[in-house]
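**Student:** Can you read through this structure? Questions will come right after.
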Amino acid sequence: MAKHIEIDEDACEGCETCSELCPEVFEFDDDTQKAKVIKPKAKDDCVEEAIDSCPVECISWVDD
């Protein structure tokens, strides 16, 4: 089954760790002061590192 990356924006603290580790998939939104996914179907190696490094565990894979 296909999956996509999702961020729980309510839980996101805006630490920018994911966008620093994986800028081709995550971006920091200056308006909301939260991270957002810009490439939800990405399979980049850095995605798992970003998920594991998130201090509030708000990034996850979700079934389509």
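The values are calculated or read from the model by the stated rules, or taken from the named source; none is laboratory data. Note that this is a predicted model, so its numbers are computed, not measured. For neighbour counting, all protein chains shown are included, and Cβ atoms are generated from backbone atoms with ideal geometry for every residue, glycine included.
**Student:** In the range 16-64, how many are at pLDDT 95 or above, outside any strand (DSSP E or B) and among the charged types (D, E, K, R)?
**Tutor:** Total meeting the criteria: 11.
**Student:** Another question, then. Between a residue in the range 1-28 that is free of Cβ contacts under 8 Å to residues at least 12 places away in the same chain and any residue that is buried (at least 19 other Cβ atoms within 10 Å of the Cβ) and among the small types (Gly, Ala, Ser), which pairs come within a Cβ distance under 6 Å, given they are 6 or more apart or on different chains?
**Tutor:** If the second residue must be buried (at least 19 other Cβ atoms within 10 Å of the Cβ) and among the small types (Gly, Ala, Ser), the pairs left are Glu27/Ser19.
**Student:** Name the residue that is surrounded by the most Cβ atoms within 10 Å (Cβ to Cβ), counting only residues in the range 28-37 that are within 13 Å of Ile59 (Cβ to Cβ) and either under 9 Å from the mean Cα position of the chain (by Cα) or of a type in the set (A, V, I, L, M, F, W, C) (or both).
**Tutor:** The qualifying residue surrounded by the most Cβ atoms within 10 Å (Cβ to Cβ) is Ala35.
**Student:** So, one more: Within the range 44-61, does at least one residue satisfy the condition of being on the phi > 0 side of the Ramachandran plot and surrounded by fewer than 16 Cβ atoms within 10 Å (Cβ to Cβ)?
**Tutor:** Yes - at least one qualifying residue is present in the range 44-61.
**Student:** Keeping to the range 7-26, report how many residues are touching a Ser or Thr at 6+ places or on another chain (Cβ under 6 Å) and surrounded by fewer than 16 Cβ atoms within 10 Å (Cβ to Cβ).
**Tutor:** Total meeting the criteria: 0.
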